[in-house]
Every structure is written in structure tokens, then in C-alpha cells.
Amino acid sequence: MKLSLLPLLCCPFSRGPLVLDTVERTTPKGEIESGTLRAPDGRAYAIVRGVPHVYGDYRSDDEKTTVQAFGEEWARYDDFDGYMGSAELFAEFSGLAPEQLAGRRILEVGCGGGRWLRVMAAWGASEVVGLDFSSSVEQAARLTTEYPNVHVVRGSAIEMPLAPMFDVVVSIGVIHHLDDPVLGLLGIRRAVRERHLVAIWVYAKEGNETYLRLVRPLRRIGPKLPRPVLVGVSRGLAAGLWTYIHSVNRIARATGLPLPLRDYLAMLQRLRFRDVESVVYDQLTPSLARYPSKGEVEEWVTRAGGRPERLYHRTSNSWQCHFTFPPATAN
């Protein structure tokens, strides 16, 4: 943990600032490898392998299994080379441009293995903090160790462990997996400055009707399968999907034939087979996954006190939403 992260942290329960209580080990760079942070009310939080762990307990069994599943997923699929980890794909998901991040302090809620942290740092952000509740924070920390302005924190959006000091908050593919999406957005609200922008990307109900009819039975059993079996199932399904993407869907794109998920699958066409396998695995592993309608996304944001500024139906099967919190409700 870099000492420059400390002023950005707070206790997720009292919202009080954290202080460095003990230092057990440091790295050759002078960063804290292990130690303890303490809140004004006496709560203690450990620093483990350079990452502060600032959270309480799981809210439900579904939340626990989903968080653990994503930690295992990012440990297994830890290669973000090529299009999968590119600035181009980040821009498509987030709807953001480099000039919107340059010189600003950014928080990514649900950073996973850290692929987008590198992109945002390269775009000129003054500081980037990745927050994730799963064990993937260890991978994210390793992936970004060369960036002096990137930090990683283990914690939950619902129990936000960061102070209201962020200009931009990004959350890609996370809010729909939370135990309570509105509480997650309320957590984001606690982390923003008065002048800010929030950009989220979530699944959509619209455009996924056929897909959901096919995948829901698998979704019910996927989280219960032993991991090696789930990997095998994902690989087999990915092989069939790969063939379809590079044959039928390619022809549909060329001829304008309006097949279900045509535009989304055209995006997958640019991925390696291993990446497509990881996408399939990602669909089968979580216990918590929602596919909100446009109205539901708007409701999540407005119930949290936000004001939608852009709501875009990306690849006709997901929602990209930009919003702010009015000054009276921010923080």
C-alpha cells in the first residue's frame, strides 16, 4: 500500500478517517506490505500483501458465493492481452474518452483483475483507485505495481471505504451483481466530489430475451458445479459459440440479417478463444445476476439520488449510463 492512498480511505461504517496503526513489513519501494489501519472508533483493518482490506461481513450467502466465484474467475483468466484489455474496449464499455479522465482522480468500483486500471492510468488520470470485494485485488495489485498513481483496495461498494474525493467513478459489469444495486449506488455517492461523473455499464433485459431463455437453466446449476467441471462446460460452450460467431454471425453482419445478439457477437469476434471461454464462464459462475430494463436502470439511479445524463443501449443488449448526484445529495 502506498502512503498516498491513506488520505483517500475511511471506515465504511463510521466514515471516519483511517490511520496507520502498525507496519509489519515494507517493500523495497517503501510501500506497506502488511500492517494494520485503525478507525477513530477502534475498528481495525488489515493490510494484506500490499492491499488494505476495509470491509465487514457478507450480506447474504448469494453475495458470498458470487464474490468468491469472481475471485476464482479472475485468478483463472488473468491474461488481458489484446482487445480484451484494450483502451478501445474500455471506451466502448464506459462511453468515456481520455480527456474526461486526464488529470482527475478516478475510482473503479469492481476492478476485478485490474485490466481497466492500467488503461485509465495510461489515459493520464492523476490517481486511480480500484475497489473490489473479491480476492482478485491481489491480481489487480500485481498487474499495476509499475504504476505509482494506482492503488487497490479490498472492500464493498455497499460499505464504501473511500472518502468523497473522486472526480470520476467507473463501474463496468458490477452493479447488476450486487446484493442491492441501489445500496451500491448510494455507496458510490459517498465517494464523489461535488463536481463529478459516474459511468456504469450493466446487462440489459432488452435484447437478451432469447439468450435468457437459454441460459437461465444453466445459471441455476453453474454456481453449484465443481470449478473444473464448470471450466469444461464453459470451454465446450465457447467452442460452439466460437464457431457460430465466425460463421453464421459473420454472414449476418455482412448481409444485414437481424439475428439475436448480432452486434454483441461481432464484438466477441475480436477476442481470442480463451477470452470467449472466460466470457462464457463469467455468465455461468455468479449466483447474483440481474438483467434490468431501461426503466429499472433509471429507477436504480434516481432512487440513489442520481440524475441520469446518458442512457445508451450498447450493442443492443446492455445499458451504459452516465449520471451525477446533485450537490444537495452528493456525499
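A few comments on the model shown:
- Of the residues making up segment 288-331, just one is of a type in the set (A, V, I, L, M, F, W, C), under 21 Å from M160 (Cα atoms) and without any contact (Cβ under 8 Å) to a residue 40 or more places away in the chain, namely A328.
- One residue from A75, A69, A39, A46 being in contact with a helix residue (DSSP H, G or I) (Cβ under 7 Å, 6 or more places away or on another chain) and over 25 Å from A204 (Cβ atoms): A75
- All told, E73 falls short of being surrounded by fewer than 14 Cβ atoms within 10 Å (Cβ to Cβ) and within 30 Å of M267 (Cα to Cα).
- Checked across segment 105-117, the condition of being outside the structural domain of T27 (by TED's automatic domain parsing), more than 23 Å from P164 (Cα to Cα), in a helix (DSSP H, G or I) and among the hydrophobic types (A, V, I, L, M, F, W, C) holds for no residue.
- Residue in segment 47-58 that is under 25 Å from L284 (Cα atoms) and of a type in the set (A, V, I, L, M, F, W, C) present: no
- Residue in segment 91-104 that is surrounded by the fewest Cβ atoms within 10 Å (Cβ to Cβ), counting only those that are without any contact (Cβ under 8 Å) to a residue 40 or more places away in the chain and in a helix (DSSP H, G or I): E99
- Unique match (being under 24 Å from D62 (Cα atoms), modelled with pLDDT under 95 and in contact with a Lys or Arg (Cβ under 9 Å, 6 or more places away or on another chain)) among S316, S287: S287
- Qualifying residue in segment 78-90 (condition: among the polar types (S, T, N, Q), in contact with a strand residue (DSSP E or B) (Cβ under 7 Å, 6 or more places away or on another chain) and at pLDDT 95 or above): no
- Selection of segment 252-278 for residues being touching a helix residue (DSSP H, G or I) at 6+ places or on another chain (Cβ under 7 Å), aliphatic (A, V, I, L, M), assigned to a helix (DSSP H, G or I) and surrounded by fewer than 16 Cβ atoms within 10 Å (Cβ to Cβ) yields only A266.
Here is a yes/no grid of residues against (1) closer than 21 Å to E73 by Cβ; (2) not in a strand (DSSP E or B):
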{"site": "L185", "(1), (2)": "no, yes"}
{"site": "R193", "(1), (2)": "no, no"}
{"site": "H196", "(1), (2)": "no, no"}
{"site": "W201", "(1), (2)": "yes, no"}
{"site": "E206", "(1), (2)": "no, yes"}
{"site": "P217", "(1), (2)": "yes, yes"}
{"site": "P223", "(1), (2)": "yes, yes"}
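- Condition check for A157: under 29 Å from D62 (Cα atoms), of a type in the set (G, A, S), in contact (Cβ under 8 Å) with a residue 12 or more places away in the chain and surrounded by 24 or more Cβ atoms within 10 Å (Cβ to Cβ): yes
- Qualifying residue in segment 43-52 (condition: within 30 Å of L225 (Cβ to Cβ), over 19 Å from the mean Cα position of the chain (by Cα) and touching a residue at least 12 places away in the same chain (Cβ under 8 Å)): yes
- At least 2 residues being of a type outside the set (D, E), in contact with an Asp or Glu (Cβ under 7 Å, 6 or more places away or on another chain) and not assigned by TED's automatic domain parsing to the domain that holds I188 is the threshold, and among the strands (runs of 3 or more DSSP E) wholly inside segment 1-73 those reaching it are 19-26, 32-38.
The values are calculated or read from the model by the stated rules, or taken from the named source; none is laboratory data. On a predicted model such as this, the values are computed, not experimentally measured, just so you know. No Cβ is skipped: glycine too gets one built from the backbone with ideal geometry, and neighbour counts run over all protein chains shown.
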